[in-house]
Amino acid sequence: MNATPRVLAVLDELLASVAPGRRGALWHLAEQGRELDANVVRLPPDAGVGEHQEDVLDVLLVVLAGEGSLRTGTGETLRLAPTEVVWLPRTSRRALLAGPEGLTYLTVHRRRPGLTVKPAVRAPAYEGGEAPCMLDLVCARCGRLSADRAPKFCSACGEAFPER
């Protein structure tokens, strides 16, 4: 069955309905079977998100309204204004500070896999000869077998595969 595109939110309407002092997620992508996560976040005037680091996922940040600044791990400060698109690469340190009118932004990133209990993986039965060694395709962090024959990063947890 094919998925059907549809409108999930009208951002002008969403932003117009928000109380001025409201903080936090105003909207999030919640569709079943998705491979992305997305959030619209509002910081009230002069509020911030403390310095933090995302070790697994790249994040795309799009400024929708207001102004603010993003302090990088190197101490550089980026000014944020509406329509600016910022790439936050995985392992980068950053902190956000809203300006006097607040800051509203959209973030988009690959969906984090949910925590699940998985049964032990059993090796398939091979008849005749030895099975091909695929250890170089297994993620050292989460144990997932990559479908890519020359993986750079694990699609489940983002861990870098060793250089070949």
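The values are calculated or read from the model by the stated rules, or taken from the named source; none is laboratory data. Just so it is clear, the structure is predicted and the values come from calculations on it, not from any experiment. When we count neighbours, we look across all protein chains shown, and the Cβ atoms used for this are built from the backbone with ideal geometry, even at glycine. Keep in mind that these areas ignore ligands, DNA and RNA; they rest on the heavy atoms of the full protein, side chains included. Shrake-Rupley method; radii C 1.70, N 1.55, O 1.52, S 1.80 Å.
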### Task
Within the set of other residues whose C-beta is less than 14 Å from the C-beta of Ala25, count the net charge using Lys and Arg as +1 and Asp and Glu as -1.
+2
### Task
Answer rounded, prolate or oblate for the stretch 3-59, using the Cα gyration tensor with square roots of eigenvalues a ≥ b ≥ c: rounded when a/c is under 1.5, else prolate when a/b is larger than b/c, else oblate.
oblate
### Message
Using only the heavy atoms of the protein chains and a 1.4 Å probe, how would Val41, Val7 rank by accessible area, largest first?
### Response
Val7, Val41
### Message
Can you tally the net charge around Asp37? Count Lys and Arg as +1, Asp and Glu as -1, for every other residue whose Cβ sits under 15 Å from the Cβ of Asp37.
### Response
+1
### Message
Let me make sure I get this right: for the stretch 1-119, a, b and c are the square roots of the gyration tensor eigenvalues over alpha carbons, sorted descending. Under 1.5 in a/c it's rounded, otherwise prolate if a/b > b/c, else oblate. Which is it?
### Response
oblate
### Qualifying trypsin sites (Lys or Arg not before Pro) for the stretch 17-73 [loop in DSSP, other Cβ within 10 Å: at most 14]
Arg22, Arg23, Arg34
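Using a Förster distance of 41 angstrom, determine the FRET efficiency expected from the C-beta separation of Glu101 and Gln53, and round it to 0.05.
0.90
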